[in-house]
Amino acid sequence: MDSATAAEFEPVIGLEVHVELKTKSKIFCPCPTKFGAEPNTQVCPVCLGLPGVLPVLNEGAVELAVMAALALNCDIRPSSRFHRKNYFYPDLPKAYQISQYDHPLATGGWIEVGAGASRKRIGIKRLHLEEDAGKLMHEGSIETAARSLVDFNRCGVPLIEIVSEPDISSPEEAKEYLQVLKSILQYAGVSDCRMQEGSLRVDANVSVRPTGSAAFGTRTELKNIGSFRSVVRGLQYEIRRQIEVIRAGGEVLQETRHWDEQREVTVALRGKEEAHDYRYFPEPDLVPLHLDREWVESVRLKLPELPEARKRRFVSDYGLPEYDAGVLTASPSLAEFYERCVGLYGRGEGRPKTVSNWVMGELTRFLNANNIEIEEARVTPSHVVELLRLIEGGSISGKIAKAIFDRMCETGEMPSQIVRREGLGQISDESEIAAVVARVIEENPKVVGDYKSGKAQALGYLVGQVMKATGGRASPGLVNRVLRERLG
Amino acid sequence: MARLHEMTALEIAASIGAREVSVEEVALYFLERIGRLDGSLRSFIRTVPERAVAAAVALDRRLAGEVSARRAGGLFGVPFAVKDNICTRGIPTTCASRILESFVPPYDATVVRRMYEAGLVLLGKTNMDEFAMGSSCENSAFFETRNPWNLETVPGGSSGGSAAAVAAGLVPFALGSDTGGSVRQPAALCGIVGLKPTYGAVSRYGLVAFASSLDQIGPLTRDVADCAAVMNVIAGHDEMDSTSAPLPSRDYSARLGADIRGIRVGVPREYMGEGAEPGVRSCVRDALGVLEDLGAVVEECALPHTEYALSAYYLIAPAEASSNLARYDGVRYGLREDAAEVHQMYERTRRRGFGPEVKRRIMLGTYALSSGYYDAYYLKALKVRTLVKRDFDIAFEKYDVLVGPTSPTVAFPIGSKTGDPVKMYLSDVFSVPVNLAGVPAISVPCGLHDGLPVGLQMIGRPFEEDFLLMVAHAYEQAAGTSRLRPRMVSEG
Ligand SMILES: [Zn+2]
């Protein structure tokens, strides 16, 4: 696609995000919600939909949903209700999902994306509560499986669905919207938002229209998006496909399309799955949900500091550049980690920035390389601060510190222990260094001669030789001084 | 001492309390009677003799340990039966359907748990129209139940098994469920007392749902005092049912025996027209005379939306049923017809598992909820429901209780209406408005027509069952109609 074509059309994107709430128990029964338990061990007659059972709404789920809605600047509706969404599927034991339909919990919210002049608001149309379904497991591939099994552990886990307005105008912006959304929800403490565990799921509605046009084109719904990366890739593909259809004189069909991660294409679903009439009607087993203003305000008071506010505080309190503050506050756990480091290390003499360099640099690199979250790593703020103190006190060089950083993170061993055990401490004993210096002078008569004849840079080479001989442990200042003395 | 099967539940409990008879003897007596007589009546789908005797023996042991024979709860040791759509742990609960023939619940319905806790003995599960859809018990997938007054007629439905068993003296009382008259109409046709409590008065937890916004569990008993005693056991708030009313528990027997002089009785003219057969109307008029003799002020009143209620009911109830019954898909329990592909498995399982009336209502309900038809059918039915409810609100501003026939006819011959669903649906014409409005109503016997019982329906204000029971009790005592018994009982 050439750039002229790209400018001719503009995409219109809206996202539907499902997020699992971090309640201890399910939305309509007391079963636990722990991820990764043995199949069908977290079930009861209610979430299995046995004949005669009735749902009882978990107040904790309502509170977390309200908290999420408040964090996303939504209006909480004083009265909402549940509906039944009817469809047959083996992972749905009642053959209907209890969800909210025309009276959602909250409406009219927004979040902000972009920086500087391109900062903009993405509207949130609605946020509602619903229950999750179970999970189908096929023996082998879905086409060849002799039978399929169902795990109902996830069935009845509380979800919120967050529907954005079609305010998103590029795949990259969609990704950013998701990152900000995830960050806010993590801060609010309502969800872990782990896409790989399915606690955050994304469907995208996308259409294209002639640039500048006010009318919307026909949209397709993109499903099976497994990562933030595939949000971008999938949308890019779909936008390109729609533009090509239109340019070829065709018409975009309103349909649901699956993102095929392997082939990197979107594929239309056809047949039965497509022709759904969910026959929504009010759930007679639950009474309407009335939330009084006072209670909502009491939830608002419990709302922790959100990423935007924390970012501003990092800039003003720690004197960090906006970039650092943004990176450090993207996840509440990383921000928490950073603050605890600064708390231990102190705020004077550019220390917050030093901590930031290490957390943003080495620590983030380690976490990314191992694909883990900070809370899963063995490293604690004490580790990082002890390491910084070792550098500051001259016991180790920055280079050594970087060298032992991963080991410290992997094993949880304190840096001072690693240094002692492996003899990595800086050599500050003058006689020890003098001996090495003498040997280097003896082994490099030519370079020594160069230095004596006025080539100042020859000293650098000799310092390097001493450092090499000491495995980098010699104190560079000391080496310099001793060398100069010996070379007269 | 009278024979046990002619005694009321309270009389049996008193006799057990006085140690005149043991709990085990009572249980064995009724089990013997069921064994001897139910072959022709067919009111039970299943009895649980071993369990019943074991439970009775344990209760006798508890009773022996008591210094005083007086028991709290009032019905200690009394046997009972439960309609087969109320879940009983370890005992199959079939809803008289092939699709649930093999279903054994791992839990007890709240009402069953409360019965056990009050020291009552379950004898078995009674027959019904499949999934409570019917007015004659002929829609059971297993067999028809017969009316003890005349074995060629139906016992009514859908709680026909419970009604027939109580009327025939096979059990002192039973529980049924009432979605559109399913307790009151069979109680009327079998000549016993049946109460549909206010929606929310009795927990629905464990009642296999037919139409969730209408279903209520209610007692079928020999007389009004027993009915109140059973309510004392089963009613009250249940945390497992969000629609159960969070009200303090009350004594439903407290007002029995009180004077009803001066109470205002409204007689809806819509209930006394051509819709009811003359013999039924004449029994009801006699009953109104008895109430007047007791000092009640009887006046004609209006429930103007009655004629629309039945249509609204036959949209709302099937709509909810189409969703409630969707879970019977063969995946987890009950019948499964294997197939290569899952949709085919659903289709085969449900085709074989459901009877024609259930299929009819699932289709009706699915249609009513479908996009494009929702507003015209389901939504309009909800609006009618609001109007029906308002009719009652207005009537209760002026009257304390509304009285009319429970059923337009007495028990009809088996097979006489099965070919014409609409004719069958008309059996519920006086009972469904009560479910739509959520108010309580009781049916008490008010005489015989052609040798078959006629039921008098009394409708009360929401959550004022104690008042309703008081009026019903006063009538019953004055009229003596609850002493009418079929030959099956008097002959022993
Ligand atoms: Zn559960």
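Can you tell me how many residues within segment A:10-31 are surrounded by 20 or more Cβ atoms within 10 Å (Cβ to Cβ) and within 16 Å of the ligand (Cβ to nearest atom)?
The number of residues fulfilling the criteria is 8.
State which residue pairs qualify: first residue more than 13 Å from every other protein chain (Cβ to nearest Cβ) and inside segment B:372-385, second residue outside any loop (DSSP other than H, G, I, E, B) and surrounded by 14 or more Cβ atoms within 10 Å (Cβ to Cβ) in any location, beta carbons under 6 Å apart, and separation of 6 or more residues or different chains.
Note: pairs meeting the criteria are B:V384/B:Y308; B:V384/B:A312.
Looking only at segment B:210-247, which residues are within 14 Å of another protein chain (Cβ to nearest Cβ) and within 23 Å of B:V388 (Cα to Cα)?
Listed by number, the residues that qualify are B:F210, B:A211, B:S212, B:S213, B:L214, B:D215, B:Q216, B:I217, B:T243, B:S244, B:A245.
Out of curiosity, is A:G123 away from chain B (no Cβ under 12 Å), free of Cβ contacts under 8 Å to residues at least 60 places away in the same chain and not polar (S, T, N, Q)?
yes
Considering only residues that are within 18 Å of B:L175 (Cβ to Cβ) and at pLDDT below 95, look in segment B:31-75 and name the one that is surrounded by the fewest Cβ atoms within 10 Å (Cβ to Cβ).
B:G73
With the structure loaded, tell me whether B:S162 is at pLDDT 95 or above, within 27 Å of A:K94 (Cα to Cα) and either in contact with a helix residue (DSSP H, G or I) (Cβ under 9 Å, 6 or more places away or on another chain) or assigned to a loop (DSSP other than H, G, I, E, B) (or both) or whether it fails that test.
no
What are the residues in segment A:313-328 that are assigned to a helix (DSSP H, G or I) and either in contact with a helix residue (DSSP H, G or I) (Cβ under 6 Å, 6 or more places away or on another chain) or more than 19 Å from A:G343 (Cβ to Cβ) (or both), if any? Walk me through it before giving the result.
So the first thing to find is which residues in segment A:313-328 are assigned to a helix (DSSP H, G or I), and the list is A:313-318, A:322-328.
Across segment A:313-328, the qualifying residues are A:F314, A:V315, A:Y318, A:E322, A:Y323, A:D324, A:A325, A:G326, A:V327, A:L328.
Assuming A:A7 fulfils every condition listed in (1) within 14 Å of chain B (Cβ to nearest Cβ); (2) over 27 Å from A:G189 (Cα atoms); (3) more than 11 Å from the ligand (Cβ to nearest atom) apart from one, which condition is it?
In the conditions (1) within 14 Å of chain B (Cβ to nearest Cβ); (2) over 27 Å from A:G189 (Cα atoms); (3) more than 11 Å from the ligand (Cβ to nearest atom), A:A7 misses (1) alone.
Restricting the search to segment A:34-73, which residues are of a type in the set (V, I, T) and more than 14 Å from B:R332 (Cβ to Cβ)?
Once the filter is applied, which keeps residues that are of a type in the set (V, I, T) and more than 14 Å from B:R332 (Cβ to Cβ), segment A:34-73 yields A:T41, A:V56, A:V62, A:V66.
Among the candidates A:V190, A:V202, A:V157, which residue alone is crowded, with 20+ Cβ neighbours inside 10 Å, within 30 Å of A:L334 (Cα to Cα), among the aliphatic types (A, V, I, L, M) and within 16 Å of the ligand (Cβ to nearest atom)?
Going through A:V190, A:V202, A:V157 in turn, the sole match is A:V157.
If I ask for residues that are more than 10 Å from every other protein chain (Cβ to nearest Cβ) and either over 23 Å from B:D241 (Cα atoms) or touching a strand residue (DSSP E or B) at 6+ places or on another chain (Cβ under 6 Å) (or both), which ones from segment B:83-93 would you list?
Once the filter is applied, which keeps residues that are more than 10 Å from every other protein chain (Cβ to nearest Cβ) and either over 23 Å from B:D241 (Cα atoms) or touching a strand residue (DSSP E or B) at 6+ places or on another chain (Cβ under 6 Å) (or both), segment B:83-93 yields B:K83, B:D84.
Conditions (1) more than 28 Å from A:K182 (Cα to Cα); (2) free of Cβ contacts under 8 Å to residues at least 12 places away in the same chain, marked per residue:
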position	(1), (2)
A:L367	no, yes
A:E376	no, yes
A:V379	no, no
A:S431	yes, yes
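Give the residue that is nearest to the ligand (Cβ to nearest atom), with candidates limited to residues of segment A:32-64 that are under 26 Å from the mean Cα position of the chain (by Cα) and in a loop (DSSP other than H, G, I, E, B).
A:T33
Hey, among A:D75, A:D91, which residue is acidic (D, E), within 14 Å of another protein chain (Cβ to nearest Cβ) and away from the ligand (no atom under 14 Å from the Cβ)? First the steps, then the outcome.
Values: A:D75 fails: within 14 Å of another protein chain (Cβ to nearest Cβ).
Every option except A:D91 fails the conditions.
Name the single residue, out of those in segment B:106-135 being of a type in the set (G, A, S) and assigned to a loop (DSSP other than H, G, I, E, B), that is nearest to the other protein chains (Cβ to nearest Cβ). Step through it out loud before you land on a result.
Pass one, segment B:106-135, residues of a type in the set (G, A, S): B:109, B:118-119, B:124, B:132, B:134-135.
Imposing the further condition that a residue be assigned to a loop (DSSP other than H, G, I, E, B) reduces the set to B:109, B:118-119, B:134-135.
Numbers: B:A109: 6, B:A118: 20, B:G119: 23, B:G134: 18, B:S135: 22 Å.
Residue satisfying both the conditions and the ranking: B:A109.
Filter segment A:329-356 down to residues that are assigned to a helix (DSSP H, G or I) and under 20 Å from the mean Cα position of the chain (by Cα), then give me how many there are.
Qualifying residue count, segment A:329-356: 9.
What is the one condition in (1) within 14 Å of chain B (Cβ to nearest Cβ); (2) surrounded by 21 or more Cβ atoms within 10 Å (Cβ to Cβ); (3) polar (S, T, N, Q) that A:N40 does not satisfy?
(2)
The values are calculated or read from the model by the stated rules, or taken from the named source; none is laboratory data. On a predicted model such as this, the values are computed, not experimentally measured, just so you know. Note that we place each Cβ from the backbone using ideal geometry, even for glycine, and neighbour counts take in every protein chain shown.
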